[in-house]
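Peer 1: I'd like to ask you about the structure that follows.
The values are calculated or read from the model by the stated rules, or taken from the named source; none is laboratory data. Model, not experiment: these values are computed from the prediction. Backbone-built Cβ (ideal geometry, glycine too); neighbour counts: all protein chains shown.
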Amino acid sequence: MSTQLKVFMKGVLLLGCLFPFGLLNHHAVADDSTIIVQNDFEDGDTQGWEPRIGDEVVSVTSADLHSGNYSLLTTNRVNEYDGPSLNVLSKIDKGSKYDISVWVKLAPGETTSNVQVSIERQFQGTANYDTIVDATSVTANEWVNLTGSYRLGFDVDFLSIYIETTSGTASFYIDDFTITFISPLPIQKDIPSLKDVLADYFTVGAALDPVETLGVHAELVQKHYNVIVAGDAMKWDTLRPSESQFDFTQSDIIVQFAKDNDMAIRGHTLVWHEQTPDWVFQDENGNEMQPTPENKSLLLQRLETHIRTVVERYKDDVDTWDVVNEPIDENEPNCLRQNLWYQITGIDYIITAFRIVREVDPDAKLFINDYDTTVSSKRTCLYNLVHDLLDQDVPIDGIGHQMHTNIESPTGAEIDETIQLFADLGIDQQITEFDMSVYTNDTDKYTTVSEEILIKQGDRYKEIFDVLKQHKDDISTVIFWGVADDNTWLKTFPITRLDLPLPFDEQLQAKHAYWGIVDSWLPSPTPTPTVTPSPTPTATPSAPPTPKPCIPYSIVTDPTELEISTKESTTITVTIIGKGGCPVTGQIVKAKIGSEDKERIKIKQKEQITGTNGEAAFKITAKKMTGNANITFKAGDLKTKVKVKIVN
Ligand code: GLA
């Protein structure tokens, strides 16, 4: 039995849920979320949980518990994937976001195991598995909370959440399982569309997963982009689970979305050394290929079959292909990455790939795509390779610069030099995977990303887009590697950490990075007086430009929460920051507290106007000896909350 419970999750709970990494510095906070499944086993019932495979025994027990008097124990597991499972077919809708939480503890005497939360989805007899919470170490000594989020991107006729181990078959307890529906914030409809802002320069797009063709993500993509790329759906490991099998389920969803919305599609990617299944490089006996003439011919033939099938299928829809991805290694004497394609076939894999795509779809634009093309040694390698291939009449139409940047590197000047260099080849260029990490190394890890860094990111977006715009005759498209900060590969690469590299935040709202592209917030340049030369010796200053308005963007407080004693009063400073980091002056800020909280704290002056630094200071005094209170600060549509704890 599951409980339908509408809750208005406020304060820490809400924010912890919406911003799992603690990003609190934006005004965009959804108002409510709903717990749709809650299993505590307190009625002695398994509440729908059952053995997943059949050997397992699932029973309610009072032997241990996370809260209340009961939990659910699973014993007799034979396989790692055996465990308790719950049918959620009628609970989870396609496209919506759900947070999943469960407490887990191993049964007495069991040795530490990695436990994960998974979901099995089936459609018309075909099963697929997604991980909701990655394998997490659990012991028999304490309860561990496993939490994660899930969005279903596909049609299903069977959907079951289950708890499993990734090694061993330990018996374990679960308790206090919840599924919470997360209400999405609407996208901002009244801001300029990037595709309009950039219309005079290049087309603009994003890489996306099938689930992002639904809901608010789809709306954001429809509003801002006129090109899309499949993030993973057109890679070998998705399209070719085995040599005899093509699976177009995911790629078809992306292509259909583009067609429905009149968007162009970049195909990514036909040959790469990563995300390519092992069978591709195994000989006919299933052994790893050695570089022999037979294996070369077998591998090129597999490549040809793959390209003919995929390009033929999408020739009316995909107008550009990343034919070969990441072939360069600037540390090799011949500049070519010594991947398995190269080891078995030499450079022929590159030449064959381009020639076959051209033959199957003579109209498609064919790209060679690589990263770090702004690094001088690497771009020289790429330049020389493409130059040689063009000399051999290999049909290459363009250079793809992945352009995974960060808030310091590469500089605008390095990008400028790079584009200029390749312009000399007389072929097209595209920015194919743009994003901008907030880190400049592989080790730093923030729990929140400061406003200052996000502003810097906005400046860097502007710097880079200014350079790209200057090269509008050389660059035909700019693609972001992701729709919004809620789904970026940089959250797990090079390490697991909070990263926010895209123009839209985790709630799909425009960031400083977005405004860096749109450019509207930037302070006008300081006017330089122009001196008219003789015979008139008077200096004529040019007319001062009209200052651009500082549009309110976010509200921050200092401190963000506080402890206060009855013996003293404290000041909270509230600052309103505009797009691009300008301080919003003259804005009315209101402080609100609930009626019960009014008995605990007092605010001297509840409404103030921001001063020259965009800030207003509120004096708070505690009335009682102990207790908690919340103060909500509002300025126009922006609001934020400060938790006050009264201590003796
Ligand atoms: C490379 C690939 C992309 C993608 C990114 C990271 O740049 O070309 O397909 O996998 O890495 O997500």
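Peer 1: Report, by residue number, each residue of region 478-503 that is within 14 Å of the ligand (Cβ to nearest atom) and of a type in the set (Ser, Thr, Tyr).
Peer 2: Selection gives THR488, THR492.
Peer 1: Kindly indicate which of GLU294, GLU304 is more than 16 Å from the ligand (Cβ to nearest atom), in a helix (DSSP H, G or I) and in contact with a Ser or Thr (Cβ under 9 Å, 6 or more places away or on another chain).
Peer 2: GLU304
Peer 1: Let me ask something else. Can you name the strands (runs of 3 or more DSSP E) wholly within region 202-278 that have at least 3 residues being within 16 Å of the ligand (Cβ to nearest atom), hydroxyl-bearing (Ser, Thr, Tyr) and touching a Ser or Thr at 6+ places or on another chain (Cβ under 7 Å)?
Peer 2: Of the strands (runs of 3 or more DSSP E) lying wholly inside region 202-278, none has at least 3 residues that are within 16 Å of the ligand (Cβ to nearest atom), hydroxyl-bearing (Ser, Thr, Tyr) and touching a Ser or Thr at 6+ places or on another chain (Cβ under 7 Å).
Peer 1: Based on this model, can you work out whether LYS445 counts as surrounded by fewer than 19 Cβ atoms within 10 Å (Cβ to Cβ), in a helix (DSSP H, G or I) and modelled with pLDDT of 95 or more?
Peer 2: The answer is no for LYS445.
Peer 1: Another one. If THR447 passes every condition in (1) under 30 Å from THR560 (Cα atoms); (2) in contact (Cβ under 8 Å) with a residue 60 or more places away in the chain; (3) more than 15 Å from the ligand (Cβ to nearest atom); (4) in contact with a Ser or Thr (Cβ under 7 Å, 6 or more places away or on another chain) but one, which one does it miss?
Peer 2: Among (1) under 30 Å from THR560 (Cα atoms); (2) in contact (Cβ under 8 Å) with a residue 60 or more places away in the chain; (3) more than 15 Å from the ligand (Cβ to nearest atom); (4) in contact with a Ser or Thr (Cβ under 7 Å, 6 or more places away or on another chain), the lone unmet condition for THR447 is (4).
Peer 1: Please state which one of ASP372, ASP388, ASP363, ASP416 is under 22 Å from CYS335 (Cα atoms), away from the ligand (no atom under 16 Å from the Cβ) and at pLDDT 95 or above.
Peer 2: ASP388
Peer 1: Checking ASP466 against (1) in a strand (DSSP E or B); (2) at pLDDT 95 or above, which test does it fail?
Peer 2: Of the numbered conditions (1) in a strand (DSSP E or B); (2) at pLDDT 95 or above, the odd one out for ASP466 is (1).
Peer 1: Take the conditions closer than 30 Å to ASN406 by Cα, within 29 Å of the chain's Cα centre (by Cα) and away from the ligand (no atom under 16 Å from the Cβ) and apply them to ASP319. Does it pass?
Peer 2: Considered against the rule, which asks whether it is closer than 30 Å to ASN406 by Cα, within 29 Å of the chain's Cα centre (by Cα) and away from the ligand (no atom under 16 Å from the Cβ), ASP319 comes out as yes.
Peer 1: Among all residue pairs at least 6 apart or on different chains, which show Cβ distances below 6 Å where the first residue, located in region 85-112, is buried (at least 17 other Cβ atoms within 10 Å of the Cβ) and the second is of a type in the set (Lys, Arg)?
Peer 2: Close Cβ pairs (under 6 Å, with a partner that is of a type in the set (Lys, Arg)) amount to SER85/ARG52; LYS97/ARG151.
Peer 1: Same structure, new question: Filter region 550-606 down to the residues that are free of Cβ contacts under 8 Å to residues at least 40 places away in the same chain and of a type in the set (Lys, Arg), then identify the one that is surrounded by the fewest Cβ atoms within 10 Å (Cβ to Cβ).
Peer 2: LYS567
Peer 1: From the residues in region 355-399 that are of a type in the set (Lys, Arg) and out of contact with any helix residue (DSSP H, G or I) (no Cβ under 8 Å at 6 or more places or on another chain), which one is nearest to ILE415 (Cα to Cα)?
Peer 2: Here the answer is LYS378.
Peer 1: Are there strands (runs of 3 or more DSSP E) fully within region 332-406 with at least 2 residues that are among the charged types (D, E, K, R)? List them.
Peer 2: 365-370
Peer 1: Taking LEU298 as meeting all but one of (1) without any contact (Cβ under 8 Å) to a residue 40 or more places away in the chain; (2) buried (at least 16 other Cβ atoms within 10 Å of the Cβ); (3) under 23 Å from THR432 (Cα atoms), write down the number of the exception.
Peer 2: Here LEU298 meets the rest and fails (3).
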